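The values are calculated or read from the model by the stated rules, or taken from the named source; none is laboratory data. In this text, all values refer to a predicted model and were calculated from it rather than measured experimentally. So basically every Cβ, Gly included, is an ideal-geometry build from the backbone, and we count neighbours across all protein chains shown.
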Amino acid sequence: MAQIKIHFYHSLNDFIAPALSATEIIHNFYRKASVKDMIESFNVPHPEVELILVNGVAVNFDYIVQDKDSIQVYPADGSPEVKRLLPHRMEVSRPPVFVVDSNLGKLARYLRLLGFDCLYRNDFDDTAVATIASEQQRIVLTRDRSFLQRRIITYGYFVRANLPKIQT
């Protein structure tokens, strides 16, 4: 049995069980796993992650976790703390462009009214949204945490609020 220490920072604690949030978690594992799989085993969708440090060194999602690794996981929230360090992926386009899943129609409408490029159709299924996001480098906005865990999605955000006016 192998053991790691993993710490999730800032907004990533929204996905962690309250008893484990904002603390270093000691986790035992029995099989070979990538750091992406390890992070998602704690219900943290990979598009929410900006930077992963293993033993103080930046790694990408393909890194295979080793016994006694110390892992720090930082969110894609634009914090200066993370910007100073090396991110594991390319920066998102400016201004941002979005694709919104079928559960967030009102949010899509509000974003369009605010002038954002926001692709939305209520007949898009998850596969269509993921494909569009990948091909057009759009940020996926969703309330479906497991949907964000699809490997094809690079940029995404789990919308935490239920009310559309609060979501914007």
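Some notes on this structure:
- Some residue of region 60-77 being farther than 21 Å from Ala17 by Cβ, at pLDDT 95 or above, in contact with a helix residue (DSSP H, G or I) (Cβ under 9 Å, 6 or more places away or on another chain) and among the β-branched types (Val, Ile, Thr): yes
- Ala130 fulfils the conditions (1) in contact with an Asp or Glu (Cβ under 9 Å, 6 or more places away or on another chain); (2) closer than 15 Å to Asn103 by Cα except for a single criterion, (1).
- Cβ pairs under 8 Å, 6+ apart, first in region 128-147 and outside the structural domain of Leu111 (by TED's automatic domain parsing), second part of a helix (DSSP H, G or I): none
- Flag if Ala22 is in contact with a helix residue (DSSP H, G or I) (Cβ under 6 Å, 6 or more places away or on another chain) and either more than 22 Å from Ser146 (Cβ to Cβ) or of a type in the set (D, E, K, R) (or both): yes
- Qualifying positions in region 38-73 - part of a strand (DSSP E or B) and free of Cβ contacts under 8 Å to residues at least 60 places away in the same chain: Val49, Glu50, Leu51, Ile52, Leu53, Val54, Val57, Ala58, Ile64
- Within region 1-36, the set of residues being β-branched (Val, Ile, Thr), loosely packed, with under 15 Cβ neighbours inside 10 Å and assigned to a strand (DSSP E or B) comprises just one member, Ile26.
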